[in-house]
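Every number here is computed from the coordinates shown, using simple stated rules; none is lab data. These figures come from a predicted structure and were not determined experimentally. Quick reminder, even Gly has a Cβ in these numbers, built from the backbone with ideal geometry, and neighbours come from all protein chains shown.
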Amino acid sequence: MTTTARSDAAGFPVRPGERPWTRAEIAAVREQLMREAEELAAEVDRAESGIVTQLGEAISDAGDDQADVGAKAFEREHELALSYNARDLLAQTERALARIEAGTYGSCESCGEPIGKARLQAFPRATLCVKCKQREERR
């Protein structure tokens, strides 16, 4: 555990009936998020270098027929979508890590109530409790 990390894991909020967070549990969540952040950063780098390569190839493929041009455009759009998705997940992961360090991990960003330890262990990037997430999805 880093020295800047919040050391009083028991202070992270939990829902009624849940056991308080332990230092080991918070350390495991932090480690998982850090691993995922590294993997996502590498994925973003790969996707972006692939896009640059495809753009260079697009310039040299001026004589292609319409089907080839369409297929290549589809591939570029697919790579862009993957890159945007990986960037979004990376931002969510970094935000979760920052919340752990700040001691705000586990609190709903909308209502301030506990998100729930079980929910965070299943989806450590969660920033909303189930009620607020359901309300957001209905909009």
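By the rule of a C-alpha distance below 13 Å, with chain neighbours fewer than 8 residues away ignored, the aspartates and glutamates paired with K117 are E18, E25.
The simple Förster model, with R0 at 22 Å and r as the Cβ-Cβ distance, assigns Q121 and R35 a FRET efficiency of 0.90. Between the amide H of S107 and those of I115, distances stay under 5 Å, these residues lying 5 or more places away or on another chain, with hydrogens modeled in the peptide plane.
Going by neighbour counts of Cβ atoms within 10 Å, the residues C132, C111 line up, fewest first, as C111, C132.
Test of understanding: ordering K72, K131 by Cβ neighbours within 10 Å, fewest first, what list do you get?
Working: K72 15, K131 12.
Ordered from fewest to most neighbouring Cβ atoms within 10 Å, K72, K131 come out as K131, K72.
Potential lengthening of the chain between A91 and R139 amounts to 15.0 nm, from the contour at 0.36 nm per residue minus the alpha-carbon distance.
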